[in-house]
Amino acid sequence: MDNKKDIKIVGGYGHIDEKIGAKFLKPYDSVATEDKIYTLWEKSGYFNPDNLPERNKNGEPFSIVLPPPNVTGMLHMGSALMLAIEDIMVRYARMNGKNTLWLPGTDHAAIATQSVVEKDIQKKEGKSRHDIGREELLLRVDAYAKQSHDTIVRQMKKMGCSVDWSREAFTLDEKRNLSVKTAFKKMYDDGLIYRGFRVVNWDPKGQTTISDDEIEYETRKTKLYTFKYSKDIPISISTTRPETKLGDTGIAVHPDDTRYAQFIGREFKTIFAGQEISLKVIADRSVEMAFGTGALGVTPAHSQIDWEMAQRHGLPTKQVINEYAKMTVGIEGIKDKKVTEAREAVVLWLKENDLLEKEEDIEHNISLAQRTGGVVEPLPKLQWFIDVNKKFNIKDSGFTSLNKQGIVSEKEVSLKELMKGAITSGSIRIMPDRFEKVYFNWIENLRDWCISRQIWYGHRIPVWYRSAATATEIYCDINPPKGEGWKQDEDTLDTWFSSGLWTFSTLGWPEKTIDLKTFHPTTILETGSDILFFWVARMILMSTYLLNEVPFKTVYLHGLVRDAKGRKISKSLGNNVDPLDMITKYGSDAVRMSLIVGVGPGSDSKIGEDKIKAYKNFANKLWNITRFVLSSTEYTLANPFVESGSYNYNSNDNELMKIQNAMLADITVDMNNYRYYLAAEKLYHYVWHEFADKLIEDSKKIFSSDKVEEIASRKQFLFVSMCRILRALHPFMPFLTEEIWSEMPIKDKSLLMVEKWPG
RNA sequence: GCGCGGUUAGCUCAGUUGGUAGAGCAUCCCCUUGACGUGGGGAGGGUCACAGGUUCGAAUCCUGUAUCGCGCACCA
């Protein structure tokens with residue numbers, strides 16, 4: 001179809017195809033190029049620091065762990081952004097001669113993965129997990145995880161990720177299981193992990209407990225009911241959940257509230273909606289006098305705060321709701337009904353008995369389980385916790401990162417203090433720094449971390465029980481206890497427990513490996529700002545506690561990738577863009593550039609096809625620039641160019657080289673300060689609007705003149721510039737630049753990925 | 001309630017230590033130029049959310065307001 005174009009070129013440059021290869025006669029073909037180049041990289045072995053050139057091996061270590069994608073499916077544009085940023089960091093470090101490791105892996109994502117598989121089985125076979133049993137379910141989940149894993153790996157290769165596949169890890173593989181058990185045992189022995197009976201967040205849909213951080217809040221309109229328990233009880237209370245009142249064991253008022261002072265200490269008995277209740281009036285400072293009637297019904301079994309209040313005042317606990325969010329007591333119409341139904345039934349009962357005094361509309365936050373969307377039901381349960389406030393002796397703390405916090409050997413600290421100190425001491429820098437405040441705020445409000453889950457997919461808790469005549473024996477260790485009658489805890493660990501160990505479990509801990517010594521603390525952690533608490537904070541906790549050193553020196557947080565209209569990517573909106581489709585259509589380099597340019601750390605971004613298309617055009621532009629440069633200079637594969645020689649530019653070209661040097665110095669500063677969004681934009685601008693539009697256009701005039709020296713100077717200039725542009729663009733557009741580099745007639749060149757950065 | 005962030009050209013956003021406002025896309029006009037029409041040249045378009053203040057000078061620093069978004073807490 002493009003006959004005319006070909007004839008024109010061949011007419012003007014009969015020598016072009018023999019000189020620079022026929023492929024430059026056609027537009028850049030990303031599909032034909034990218035897989036070929038990735039294979040070339042893999043074969044080179046350079047992804048693995050052990051195989052890097054000497055200059056790297058002797059260089060300063062640079063390490064990043066990949067935030068392990070969940071094996072629940074496939075990557076989306078957000079993951080693509082993460083991969084693009086990290087690959088830029090890693091390639092830049094490698095080109096700067098660092099001993100560079102980017103360690104990949106995947107996350108078993110316990111609840112998320114199991115619930116996907118469970119749903120599938122329910123849909124296709126109509127069976128629950130209990131119908132098929134623990135062993136069979138785990139086999140099914142493993143098969144699913146394996147398949148997801150392969151998809152993820154394929155996608156990462158398409159993105160051009162220069163990760164060391166030989167070190168790939170999985171949060172649930174055998175090595176990581178040993179790390180998990182080792183960590184658990186140490187914390188158990190130090191008394192930081194304990195088993196406790198208390199109100200926890202129960203997800204009736206997922207049939208498991210979840211941590212405070214796994215709750216999402218949704219504001220909904222609801223009714224606030226004000227009523228009396230009975231005609232004989234003189235205090236009215238307000239609640240949004242009348243059904244829980246069947247489990248009340250107290251009425252709390254503020255100690256300074258004169259309205260109720262006379263009742264403090266008294267006990268009332270009545271039958272409430274069929275349930276006998278006994279209410280002791282207590283005075284507690286956590287009660288707000290101004291809210292409602294200033295008195296509240298205390299439900300120790302079904303409210304976190306009430307539980308704590310009950311502890312303070314010795315009130316008994318009475319559970320009236322079960323694991324399926326159904327009532328276990330009450331009159332007909334309440335007992336065995338779901339809480340929502342029971343609520344209406346209780347209100348009806350109140351009306352019938354003329355006890356309801358007021359009904360008002362209020363806005364109210366309801367708690368939803370992040371993974372399943374189930375309404376969280378606080379329930380009293382025996383669970384495992386990590387104590388974040390308990391002081392313990394930190395041993396063997398020879399590390400400067402902890403010393404800087406003023407934490408030294410044999411000093412008493414709590415996990416909270418360790419987490420806080422890692423930042424306040426400057427041992428870890430969070431970017432953008434406004435997230436430091438968010439982090440501190442989270443620590444301030446942090447409660448003990450519930451780590452046991454009633455699901456099957458995950459690390460089994462390394463604790464065994466044996467019932468003896470008088471009491472139950474408990475045994476915690478890496479390996480099961482010897483002897484008869486021991487039974488392992490049925491529960492598994494919160495997935496974030498194993499993720500928290502990621503920076504060092506991947507490097508071989510608890511073994512003292514060379515990798516661990518070389519690459520830990522890791523240089524930088526790059527991840528989404530949405531998992532600052534889940535993951536970043538937990539890694540800091542685990543690393544400072546178990547290794548006495550920070551897990552990383554810098555945290556770089558990226559924001560959310562939204563669609564072209566600025567909406568969140570969600571299944572229900574159907575606005576998910578598959579990075580693979582975009583890569584097929586526009587090329588991996590174009591996708592990477594479009595995700596990077598203009599997106600600073602921590603800020604959300606929008607991605608639309610137009611933007612990706614613009615960078616596909618840029619890729620093609622560079623392709624054609626190459627054609628012009630190669631066909632206009634005399635360098636050939638038979639007569640290669642020595643890039644590093646010194647040249648005699650004329651004064652004009654010398655001036656241009658100075659401008660180029662300034663540009664490169666400028667973006668080098670940007671790169672060193674993680675301003676990839678600026679560096680990429682500046683390079684784009686220089687290549688297109690300076691190098692192509694001005695310098696190449698200008699060259700045409702020079703080449704058609706008879707000024708021999710000027711022509712020679714400009715040819716050198718163009719060629720040297722071309723090489724430097726490829727080097728500088730490589731971290732951003734690795735496939736295209738590597739492909740062009742392979743055609744450059746340069747003496748003694750390596751793969752571009754291990755060439756020097758031009759700054 | 002506490003805290004954080006955004007508000008700059010029609011759209012998406014830059015603007016790193018305060019010095020007469022920038023880019024890409026879109027719009028309009030011109031151009032078959034020795035690589036590229038996935039191209040080239042040019043033009044229009046902004047009282048930098050608003051109100052004060054500091055300063056010789058503020059998009060940039062300070063105070064307040066509005067508005068959108070986010071986090072945390074409350075959630076009887």
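Nothing in this text is a laboratory measurement; each read-out follows from the coordinates by a stated rule. This is a predicted model, so every value here is computed, not measured. Using ideal geometry, Cβ is built from the backbone for each residue, glycine included, and neighbour counts are taken over all protein chains shown.
Given the C-alpha centroids of region A:679-698 and region A:450-470, what is the distance between them in whole angstrom?
Each part's Cα centre sits 63 Å from the other's.
For A:VAL199, what residues show an amide H to amide H distance below 5 Å, using hydrogens built from the backbone and excluding near sequence neighbours?
Distant-sequence amide H within range of A:VAL199: A:LYS381.
For the ranges A:224-235, A:125-136, what's the packing order if you count other beta-carbon atoms within 10 Å of each residue, average per peptide, and put the highest first?
A:224-235, A:125-136
From the phi angles alone, apply the Karplus equation (6.51, -1.76, 1.60; θ = phi - 60°) to region A:322-337 and give each ³J(HN,Hα) in whole Hz, x where the residue is Gly or Pro.
Karplus-based 3J(HN,Hα) across region A:322-337 equals 9, 5, 9, 6, 10, 6, 9, 9, x, 6, 3, x, 10, 4, 6, 9 Hz.
Under 5 Å between amide H atoms, partner at least 5 residues away or on a different chain: which partners does A:THR328 have, H built in plane at 1.01 Å?
Correct list: A:ILE321, A:ASN322, A:ASP336.
Would you mind checking which residues have amide H under 5 Å from A:GLY59's amide H? H placed 1.01 Å from N; only 5 or more apart, or other chain.
A:ASN99
Between region A:574-629 and region A:192-252, how far is it from one alpha carbon centroid to the other, in angstrom?
50 Å
Can you bin region A:444-491 into rounded, prolate or oblate? Criterion: square roots of the alpha carbon gyration tensor eigenvalues sorted a ≥ b ≥ c, rounded for a/c under 1.5, prolate for a/b above b/c, oblate for the rest.
Because a/c hits 1.5 or more and a/b exceeds b/c, region A:444-491 counts as prolate.
Counting only helical runs of four or more DSSP H residues, what would the 222 nm mean residue ellipticity of chain A come to if each run contributes -39,500 (n - 2.57) and the total is spread over all its residues?
The helix contribution divided over chain A gives -12000 deg cm²/dmol.
Given charges of +1 on the Cβ of Lys and Arg and -1 on the Cβ of Asp and Glu, with all other atoms neutral, how large is the dipole of chain A about its Cα centre, in debye to the nearest 20?
For this selection, approximately 420 debye.
Going through the cross-link list A:LYS205/A:LYS381; A:LYS701/A:LYS747; A:LYS280/A:LYS318; A:LYS565/A:LYS613; A:LYS621/A:LYS707, which pairs have a Cα-Cα distance over 20 Å in this structure?
Violating the 20 Å limit, Cα to Cα: A:LYS701/A:LYS747; A:LYS621/A:LYS707.
With viscosity set to 0.692 mPa s at 37 °C, what whole-number translational diffusion coefficient in µm²/s follows for chain A from Stokes-Einstein and a Kirkwood radius over Cα pairs?
D, rounded to a whole number, is 109 µm²/s.
For a quick check: sort A:TYR684, A:TYR217, A:TYR28 by the number of other beta carbons within 10 angstrom, fewest at the front.
A:TYR217, A:TYR684, A:TYR28
Relative contact order, percent, of chain A when contacts are C-alpha pairs under 8 Å separated by at least 6 residues?
16 percent
Tell me the angle of helix A:415-424 to the major Cα principal axis of chain A, expressed in degrees between 0 and 90 and rounded to the nearest ten.
Result, in degrees: 40.
State the answer as a single residue: which of A:THR513, A:TRP464, A:LEU103 lies farthest towards the positive end of the charge dipole of chain A, with beta carbon charges of +1 for Lys and Arg and -1 for Asp and Glu, about the Cα centre.
A:LEU103
Sort A:VAL339, A:VAL163 so the one with the fewest other Cβ atoms within 10 Å of its own Cβ comes first.
Sorted ascending by nearby Cβ count, the order is A:VAL339, A:VAL163.
Among A:VAL180, A:ILE237, A:TYR194, whose Cα lies farthest out toward the positive end of the dipole of region A:175-252, if unit charges sit on the beta carbon of Lys, Arg (+1) and Asp, Glu (-1)?
Checked the options; the winner is A:VAL180.
Can you give me the orientation-averaged projected area of the convex hull built on the Cα atoms of region A:664-723, in nm²?
4.3 nm²
Just rank A:CYS161, A:CYS450, fewest to most, by other beta-carbon atoms within 10 angstrom.
Arranged by neighbour count, lowest to highest, A:CYS161, A:CYS450 become A:CYS450, A:CYS161.
Output wanted: per-residue J couplings in Hz (rounded whole) for region A:119-135, from phi through Karplus 6.51 cos²θ - 1.76 cosθ + 1.60, θ = phi - 60°, x for Gly and Pro.
Couplings: 4, 4, 5, 4, 6, 7, 10, x, 10, 9, 5, 6, 5, 9, x, 4, 4 Hz.
With +1 on each Lys and Arg Cβ and -1 on each Asp and Glu Cβ, and nothing else charged, work out how big the dipole of region A:148-230 is about its Cα centre, in Debye to the nearest 20.
So the magnitude is around 320 debye.
Along the charge dipole of chain A, pointing to its positive end and built from +1/-1 on Cβ of Lys, Arg, Asp and Glu, which listed residue (A:ALA283, A:PRO255, A:PHE497) has its Cα farthest out?
Going by the charge dipole, the pick is A:PHE497.
For a quick protection proxy, order the peptides A:284-294, A:671-681 by their average other-Cβ count within 10 Å, most packed first.
Ranked by mean Cβ neighbours within 10 Å, highest first: A:671-681, A:284-294.
Just to check I understand the Karplus step: with θ = phi - 60° and J = 6.51 cos²θ - 1.76 cosθ + 1.60, what whole-Hz values come out for region A:274-279, glycine and proline as x?
Going residue by residue, I get x, 10, 6, 10, 10, 10 Hz, with x marking Gly and Pro.
Using Cα atoms only, what is the angle between the long axis of helix A:30-44 and the major principal axis of chain A, expressed in degrees (0 to 90) to the nearest 10?
For A:30-44 against chain A, the angle is about 80 degrees.
Any idea what angle helix A:734-743 forms with the longest principal axis of chain A, computed on alpha-carbon atoms, 0 to 90 degrees, nearest 10?
20 degrees
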